[in-house]
1. State all residues of the stretch 25-50 that are in contact with an Asp or Glu (Cβ under 9 Å, 6 or more places away or on another chain) and not in a helix (DSSP H, G or I); if no residue qualifies, say none.
2. Tell me, which residue of the stretch 1-51 that is surrounded by fewer than 12 Cβ atoms within 10 Å (Cβ to Cβ) and among the aliphatic types (A, V, I, L, M) is modelled with the lowest pLDDT?
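The values are calculated or read from the model by the stated rules, or taken from the named source; none is laboratory data. Since this is a predicted model, take the numbers as computed values, not measurements. Cβ sites come from the backbone with ideal geometry, for glycine too, and all protein chains shown count toward neighbours.
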Amino acid sequence: MDKKNANRSIECTVTQCANHSGKENYCALNKIKVGTHEKNPTVSQCTDCESFILGNSSCNSGSCSK
């Protein structure tokens, strides 16, 4: 994947993701998969980017440092 190829249709601020475009707040994927961890999602916090891949070595055990 070319991380320089920001997909301007998919905004993303999760810089810890391996699919983040780098300097710009966009995803570098052509498409993403959005899912939910709730039985009956009612707010945006119930949704998840299922295309997320951890790409930042500063994150460990689900706790990330800035």
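1. Correct list: N25, Y26, C27, A28, I32, K33, V34, G35, T36, H37, T47.
2. Taking the candidates together, the pick is M1.
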